[in-house]
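> Before anything else, here's the structure in question.
Nothing in this text is a laboratory measurement; each read-out follows from the coordinates by a stated rule. A quick note: this is a predicted structure, and the numbers were derived from the prediction, not measured. Neighbour counts are summed over all protein chains in view; Cβ atoms, including those assigned to glycine, are modelled from backbone coordinates with ideal geometry.
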Amino acid sequence: MAVNRKNRLKPGWIGLLVLTGLVDLGLLIAYLIQGKNIALFNPKGVIAHEQFSLMMFVSAVLFAVAIPVIFILFFTAWKYRESNTKAKHVPDSRHSKLFVLSLWLFPTAIMLVLASVMWPATHRLAPQKSIDSSVKPITIQVITLRWKWLFLYPEQGIATVNFVQIPVNTPVKFEMTADETPMSSFWIPNLGGQLYAMTSHVNRLNLMADTTGDYPGSTPEINGAGFAGMKFTARVSSDKDFKQWVQTVGQSESNLDTATYGELLLPSQNNKVALYSAFDDSLYDNVIMKYNGSMEGHGHHE
Amino acid sequence: MKELLVGKLTWDSLPHEWTTIGGTFTIILTGIILSVVLTRTKRWKWLWKEWLTSVDPKKIGIMYFIAGGVMLLRGGLDALMIWLQQALSSGDSQGYLSAQHFQEIFTAHGNIMVFFVAMAFIFGLINYIVPLQIGARDLASPLMNTLGFWLFIGGIIMVNMFFVFGGEYAATGWLAVAPLSGKEFSPGVGVDYWIWSLMISGVGTTLGAINFIMTILKMRAPGMTLFKMPLFTWGSLCSMMMAVTVFPLLTATLFLVYFDRALGTHFFTTIGGGDPMMYTNLIWMWGHPEVYVLILPAFGVFSEVVSTFSRKSIASYKSAVFGMIGVSAFALSVWLHHFFTMGAGADVNAFFGVMTMVIAIPTSVLVFNWIATMYKGRIRFETPMLWFLGFVAVFAIGGISGVMLAVPPINFQMHNSLFLVAHFHSTVIGGVLFGVFCALSYWFPKFTGFRLNERLGRYAFWCWIVGFCMSFIPMYVLGFMGASRRLNHYDSSTGWQPLFILMLIGGIVIAVGVALQLAQILASFIQKKRLLDTTGGDPWDGRSLEWSTPSPPPFYNFVTIPKITSSDAYWEMKKQILPKRSYEDIHMPKSTGVGIYISIFATLASFAFVWDIIWLIVVSLIAIIVIFVIRGFSEDSEYIIPAHEVQRLEEARIAKAPIATNAHENNSSEEDMGLRELIMVVYRFVMDIIKNKRWKKW
């Protein structure tokens, strides 16, 4: 079927239009989000920094390969268009073995480069791995409830809901589990990548913030009706402010006794921040024990 | 007593919310209109005999396409509802949907788009094209194929049944992650509908896949060795092999979830020794290969389209074949990349990350192969080629983001964020859907005997591209901003709202694209005569065997089974002098209603499983067994068309075949009906009915 293309735009014009459109779209998006927290490009912790630079490296390699390939593809399509009768036409494809080999070797080489970067990075940035630092790490136990975050500070003896404060430049060990809640995921994008929290298991995520400020935290894993409202704020403060905050919370009147925990276990949505001056030492272990006959052989992934 | 009779069903199960009332109303209205039209035009018998009980894969293929098209509209409406909610519900505004309702919608959207749109189109293509490409007159097991199709229709019915009974679909995400999908956290019937709709359509897929593997392996024309098969057939073979490998896994997993929910077992529960992580593993062991089940036939389509429209054989046929085999082999060993964040150690994560990257190698080989095929070709830019170029652009974005997600430390920052959602939409829309559109415009002349309207096709294409960029590029950006998927509400301080609004506008542009595609099909039927294929079934100067048949092909496909000498079988045949026509007796399978009957009882059984109606379960299962046994004893499943009858049919067809006239020689797409002309035609048609009171005649 011969096609008359008299009134159609030339491919060059179409390409130009598409490019202009994409640039406009990019500018529009940039305008719409200016001044907002683009969390992944705005790392505030050592892990997030490393994850960001890894992301930049991988995407640079990929773009460096993909953009020329796509360009070549479109250029080839244009060069050998039907109306360009000057271009050579060879109806039979006969290619040398070398050509076929390079077809396979080229992508293999690129993937080898990426894999050789990825393997050590995955080990270096494993969430379970402690962060090297001269500062003594603090441990925070996290229990996901429907639909709120409960943070226990075993060393400080305080507990919080939907709010976690940590000192800057101090390694933090988050130990996560869940109680009567489907799988959730613990994510503070400015500080570093996420990990699932689930009943009967303990997952450990090591993070260290390097800039003070308030950062949003959420669960990207769906866990029921209150999922979207299950958010918390991670406040990174100086060590001094942190100690002072611990003291203030330690003096507050409410404490996390069995009755209060029972209330927290009931499903509720869009919960406010709550601070507790004390909690039962065995609470965390009991939550895990509840789903396991014994502690042995369960929940340790290290 | 009541419980014995109707199980858990109560009056409250009937629709009483605006969405379920709307859904039920639409279903009933469509049913009424269809029955009125069929009764008035006296087409019931025709429908039953020619279509519903047909075992002709060409007709089943078209029915798959119709079902998939309807479901595309249904799933697309879900998408618009999701985008509208997210564009509205920032800060104080909670939008127009409750959290539960919103979650049901995106769950249904995912299930419908993957199972009942993408799978439907892919199976439709395979049904129609594969037998023609391998030179077969029918299938290895035509009954298994119809049964597979009708079970798939049963799945569609079950996925929409909640509108009428129960008013609740699963609110768990499209894979119903445990333990959220357990009785403890999802007590309603929504998850049961999810289980049983996927159960029966999944069994249908397994049956269909078995049939096509047998057909491709055993029924090729003489001379067609495996390495002379067209690439679409190769893609289909790889895809069906994978489907047979993983779909039983889905069925088994669904049974376990059902046992947990109905019988109180503890496979995936939080208590009693159950392990939800097991569920995550099992469902993704099926779920990841599933996306390759969809994409491989599409890769095959693109390979053939590029070769045909470049007027050149594929650059490296063996590389393309091994590329597809490689993709399907590696696809079975990457499932863990869907949950790097579940807490596995670095060795496990890194291994699955590397495996995922390995899969990018055969995929890149295919892309390079297409470039090399175009090199020194003579490329015609008809709509199929446009869809191919659109695919390359969109799929490249999806591929890049995919390799990024394959790196575990990066994945920790992007898992379940909107970046991920944008990634798989890029691959599934760009790869599968554009592949299907490409295939549709390529093979439409084969289906109908006339080509699709080019002009409206181009409009639709550009709407899809523009809409896609507007809705999914902001989605990538939202992922960078830390927006997770499936949010029915977010704080205004996040600054996400403008991007969600942009996405909604993009969605509307895509909807316009879909409307234009419908208009395109309508306009093509109206202009049928002008678009008629006068080349005797080979409008694109095709290379594979399906183009050697007339359009549409006779129900026996080939008068004489051709002998194959090359992977571009028809291309070689065209260079030779046609042998003199000879006629032979043809064996064909008889139409049968067994597929429909079994599917009706399977759907009833599923419905009964959802509502615990024990007697109905027992009756339906017995009925299925009885039908099988009766069919098993029947020896009357084939018939012979004698040679002289074939001759008569062929001569009648040739006498009626359209002949090229002068008017058709300057057949150009500029003559194709534009939108304005189409609207005028429809307007005149409607006015004619109203003015001349034509409805009185009905």
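> Mind checking the log10 I(q)/I(0) for chain B at q = 0.07, 0.09 Å⁻¹? Debye, one equal scatterer per Cα, no solvent, two decimals.
-0.49, -0.83
> Give me the net charge for the shell around B:Y96: Cβ to Cβ below 15 angstrom, other residues only, Lys and Arg +1, Asp and Glu -1.
-4
> Nearest 20 debye, what's the magnitude of the dipole of segment A:138-289 about its Cα centre given +1 on Lys and Arg Cβ and -1 on Asp and Glu Cβ?
Around 400 debye, computed over segment A:138-289.
> Right, next: Separation between the A:D24 and B:I505 pseudo-spin-labels, each 7 Å from Cα along Cα→Cβ, expressed in nm?
1.0 nm
> Stokes-Einstein D for segment A:1-101 at 4 °C, 1.567 mPa s, Kirkwood Rh over Cα pairs, in µm²/s?
D = 70 µm²/s.
> Tell me which of B:I361, B:S401, A:A225 sits at the most positive position along the dipole axis of the protein assembly as shown, charges placed on C-beta atoms (Lys, Arg +1; Asp, Glu -1).
Of the options given, the answer is B:I361.
> Give me the net charge for the shell around A:L275: Cβ to Cβ below 14 angstrom, other residues only, Lys and Arg +1, Asp and Glu -1.
Working: positive: A:K148, A:R235, A:K272; negative: A:E253.
Summing Lys and Arg as +1 and Asp and Glu as -1 gives +2.
> Further question on the same structure: Over 18 Å between C-alpha atoms is what I'm after, so list which of B:K312/B:K575; B:K59/B:K228; B:K58/B:K590 land there.
Pairs exceeding the cut-off: B:K59/B:K228.
> Please provide three numbers in whole Å: the alpha-carbon extents of segment B:1-103 along the principal axes, with the largest listed first.
57, 44, 27
> Then there is this: Which FRET efficiency value, to the nearest 0.05, do you get for B:K49 and B:K563 by plugging their Cβ-Cβ distance into 1/(1 + (r/R0)^6) with R0 = 51 Å? Before the final figure, lay out the partial values.
Numbers: r = 35 Å, r/R0 = 0.68.
My answer for the efficiency is 0.90.
> Then there is this: What average count of beta carbons from other chains do you get within 10 Å of the Cβ of residues in A:263-271? Can you show the working numbers first?
Numbers: counts 0, 0, 0, 0, 1, 0, 1, 1, 0.
Mean shielding count: 0.
> Next up: Average the reciprocal distances over every distinct pair of alpha-carbons in chain A, invert the result, and give the Kirkwood radius in Å.
On the way: mean 1/r = 0.0426 Å⁻¹.
So the Kirkwood estimate lands at 23.5 Å.
> What FRET efficiency do you get for A:D132 and B:L226 if R0 is 56 Å and r is their Cβ-Cβ distance, rounded to the nearest 0.05?
Taking R0 as 56 Å, the efficiency between A:D132 and B:L226 is 0.50.
> Additional query: Treat each spin label as a single point 7 Å out from the Cα along the C-beta direction, and report the B:L332 to A:T139 distance in nm.
The answer from the label model is 4.4 nm.
> Under DSSP H, which helices of chain A have Cα atoms covering 30 Å or more of the helix axis and a Kyte-Doolittle average no less than -0.5?
A:11-32, A:46-79, A:97-124
> Residue-wise, which Karplus ³J(HN,Hα) couplings in Hz belong to segment B:574-589, taking 6.51 cos²θ - 1.76 cosθ + 1.60, θ = phi - 60°, and x for glycine or proline?
Each residue's phi maps through the Karplus curve to give 5, 6, 9, 7, 5, x, 5, 4, 9, 10, 9, 5, 10, 8, 9, x Hz.
> Continuing with the same structure: Show me the GluC sites (Glu not before Pro) within segment B:1-96 that DSSP assigns to loop and that have at most 13 other Cβ atoms within 10 Å of their Cβ.
Working: sites: B:E3, B:E17, B:E50; in loops: B:E17.
Those that pass, being in a loop and sparsely packed, are B:E17.
> Can I ask one more? List every DSSP H helix in chain B whose Cα atoms extend 30 Å or more along the helix's own long axis and whose mean Kyte-Doolittle hydropathy is at least -1.0.
The qualifying helices are B:18-40, B:57-88, B:190-218, B:231-258, B:276-309, B:346-374, B:383-405, B:454-480, B:497-526.
> Starting from the Cα of B:A657, step 7 Å along the direction of its Cβ; do the same at A:T211; then give the gap between the two resulting points in nm.
Distance between the two pseudo-spin positions: 7.3 nm.
> Something else about it: What is the local net charge at A:P220, summed over the other residues whose Cβ is closer than 15 Å to its Cβ (Lys, Arg +1; Asp, Glu -1)?
Net local charge, A:P220 excluded: +2.
> If you bin the C-alpha pair distances of segment B:538-594 every 10 Å from 0, what whole percents do you get?
It works out to 19, 47, 25, 8, 1, in whole percents.
> Other chains' Cβ within 10 Å of A:190-197 residues: what's the mean?
Values: counts 1, 0, 3, 10, 10, 6, 10, 1.
Neighbouring Cβ atoms belonging to other protein chains average 5 per residue here.
> Which whole number gives the average count of other chain Cβ atoms within 10 Å of the Cβ atoms across peptide A:60-73?
Rounded to a whole number, the mean comes out at 4.
> Could you tell me the center-to-center distance, by alpha carbons, between segment B:317-374 and segment B:181-243 in angstrom?
Answer, in whole Å: 21.
> Expressed as a whole number of Å, what is the distance separating the alpha-carbon centroids of segment B:136-168 and segment A:88-119?
42 Å
> Out of the GluC sites (Glu not before Pro) in segment B:586-666, which ones are loop residues according to DSSP with at most 11 other C-beta atoms within 10 Å?
Here the GluC sites (Glu not before Pro) that fit, given the DSSP loop and packing criteria, are B:E635.
> Further, regarding this structure: I want to make sure I understand the PRE zone here: with the label point 7 angstrom from the Cα of B:K183 toward its beta carbon, which residues in segment B:268-286 have backbone N atoms less than 19 Å away?
Counting only backbone N, you get B:268-276, B:279.
> What is the antiparallel percent of DSSP beta bridges lying wholly in segment A:138-289, to the nearest 5?
On the way: 28 of 41 bridges.
Counting only bridges with both partners in segment A:138-289, antiparallel ones make up about 70 percent.
> Would you list the P(r) distribution for the protein assembly as shown, with all Cα-Cα distances sorted into 20 Å bins from 0 and each bin expressed as a whole %?
Computed distribution, short to long bins: 12, 43, 34, 10, 1, 0.
> Something else: Just the Cα atoms of segment A:138-289, one point each, no solvent: what log10 I(q)/I(0) does Debye give at q = 0.21 Å⁻¹?
Those come out to -1.49, one per q.
> Express in nm, to one decimal, how much length is gained between B:Q94 and B:V512 on full extension, taking 0.36 nm for each residue of separation and deducting their alpha carbon distance.
147.7 nm
> Please work out the FRET efficiency for the pair A:S238 and A:W13, using the Cβ-Cβ distance as r and a Förster radius of 56 Å; give the result to the nearest 0.05. Show your work: numbers first, answer last.
On the way: r = 59 Å, r/R0 = 1.05.
Using R0 = 56 Å, I get an efficiency of 0.45.
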